[in-house]
Amino acid sequence: MDLQKMMDLPGALAAFTYSDKGDLQSHVLREGTELTPQVLDLLARSCVANLAIAGMEARGWEALTGQSGFQPIKGFSVVGLEWSVVVNGNCGVVVKNRDADYEATFNAVQAD
Amino acid sequence: MRIVKQLMAIPGVIAAGEYAYRGDRFSYEGALTDEFARMASIMCRANTLSVNMQSEIFDSFSENCGCRPVQGWIVRGAQLTVCAVGNYFAFIDNRDELLNDVMTIMRAKVGDVQDDLLVNLYARLGGDTKEALY
C-alpha cells in the first residue's frame, strides 16, 4: 500500500489504511487540512460499516430484482460538503470535491 | 423531474429518480419497475440518513471539518454504480468518465444540501414542514 501514491490523486487531502474491524492502521494527511487522525479513525470505522451495508443491499437487490452487476462491491464514497471519502477493501482516500476525480479515485482504491 | 430527465439524457444512465422524505413518494425514469423504484427510494433515503448521522459524529470531534452536511454517496458495483445526491438517485453503467459526469451534473443541478436534512427532504412534499416534523 503506497499512501504517498494515493496522495497524488487529484484533490487528495488524506490517505489511510484500516483493519477489517476499522482500526486506523496508517495515514497521511495533507498539511493544512482540517482533518485529524481522530476523524480518520472514525471515518475508517464508518467505512467498514458502510461497505458491509452496501454489500448486503447489493446482494438483496440482485436476489429480489434479478438485476446483476452490483456484486462484488468495488467501493463506497460519502460526499461531504467540501470533501469526499472513497474507500474499498482496507484503504481510503479523502479528496476535495472541487478537484475530485471519482473514477480515478475508485480505480486507485480498487488497485490496492 | 427536470433533473431526472437531464440525467436520463446521458448515455449509460440506466435509471434516475427523486424521492421524498418518507421514502414512499417517488418519481423515476428508466429501467426500473414501480416496485423496484420504490425499493430504491427507500434504500437511498435510509443510506442518506445513515451517512448524515455519521457526519454529525465526525463533526462533534472536529467542528467544521468539511463533511457536514453530507451531499450524497456513491456505491460502486462490479458493473453498475448507484449515485445519490440530495433526494435524487441514479443507476449508471461503469463506463469511462460517466461517474464524473453524472456527479458533476447532480451536484450542480441539485445544489448544496442545506444543514437540516429532514427539513430539506420533507420540504419537497410541501405544507408546513416544521409543524409536521416537530
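Observations
- Among the residues making up the range B:21-64, those that are farther than 29 Å from B:GLN79 by Cβ and not in a helix (DSSP H, G or I) are B:TYR21, B:ARG22, B:ASP24, B:ARG25, B:SER62, B:GLU63, B:ASN64.
- Test: residue in the range A:58-75 that is assigned to a strand (DSSP E or B) and either of a type in the set (Asp, Glu) or facing chain B (nearest Cβ under 9 Å) (or both): yes
- Those residues of the range B:87-101 which are more than 9 Å from chain A (Cβ to nearest Cβ), buried (at least 24 other Cβ atoms within 10 Å of the Cβ) and not in a strand (DSSP E or B), in sequence order: B:ASN87
- Among residues of the range A:43-58 that are hydrophobic (A, V, I, L, M, F, W, C), those with a beta-carbon under 8 Å from a residue that is assigned to a helix (DSSP H, G or I) at least six positions away or on a different chain give the pairs A:LEU43/B:PHE58; A:ILE53/B:ASN47; A:ILE53/B:SER50.
- Candidate set: the range A:1-56, residues that are at pLDDT below 95 and in contact with a His (Cβ under 8 Å, 6 or more places away or on another chain); chosen: the one farthest from A:GLU82 (Cα to Cα): A:LEU3
- Residue selected from the range B:102-111 under the condition touching a helix residue (DSSP H, G or I) at 6+ places or on another chain (Cβ under 8 Å) and among the β-branched types (Val, Ile, Thr), by the criterion farthest from the other protein chains (Cβ to nearest Cβ): B:ILE105
- Meets criteria (within 9 Å of chain A (Cβ to nearest Cβ), free of Cβ contacts under 8 Å to residues at least 40 places away in the same chain, in contact with a helix residue (DSSP H, G or I) (Cβ under 9 Å, 6 or more places away or on another chain) and not basic (Lys, Arg)) for B:SER27: no
- Here A:LEU13, A:LEU40, A:LEU35 are screened, and the one residue that is touching a residue at least 12 places away in the same chain (Cβ under 8 Å), closer than 13 Å to B:CYS65 by Cα and part of a strand (DSSP E or B) is A:LEU13.
- Residue in the range B:58-80 that is surrounded by the most Cβ atoms within 10 Å (Cβ to Cβ), counting only those that are among the polar types (S, T, N, Q) and more than 13 Å from the chain's Cα centre (by Cα): B:SER62
- Number of positions in the range A:95-110 that are of a type outside the set (D, E, K, R), at the interface with chain B (Cβ under 9 Å from one of its Cβ atoms) and either closer than 15 Å to A:LEU35 by Cβ or in contact with a Leu (Cβ under 9 Å, 6 or more places away or on another chain) (or both): 5
- Residue tally, condition more than 9 Å from chain B (Cβ to nearest Cβ) and surrounded by fewer than 20 Cβ atoms within 10 Å (Cβ to Cβ), over the range A:30-40: 4
- Every residue from the range A:81-100 that is of a type outside the set (D, E, K, R), within 17 Å of B:THR104 (Cβ to Cβ) and surrounded by fewer than 24 Cβ atoms within 10 Å (Cβ to Cβ): A:LEU81, A:ASN97
- All positions within the range B:65-86 that are among the polar types (S, T, N, Q) and part of a loop (DSSP other than H, G, I, E, B): B:GLN71, B:GLN79
The values are calculated or read from the model by the stated rules, or taken from the named source; none is laboratory data. Owing to the predicted nature of the structure, the values given are computational and were not obtained by experimental measurement. Neighbour counts are summed over all protein chains in view; Cβ atoms, including those assigned to glycine, are modelled from backbone coordinates with ideal geometry.
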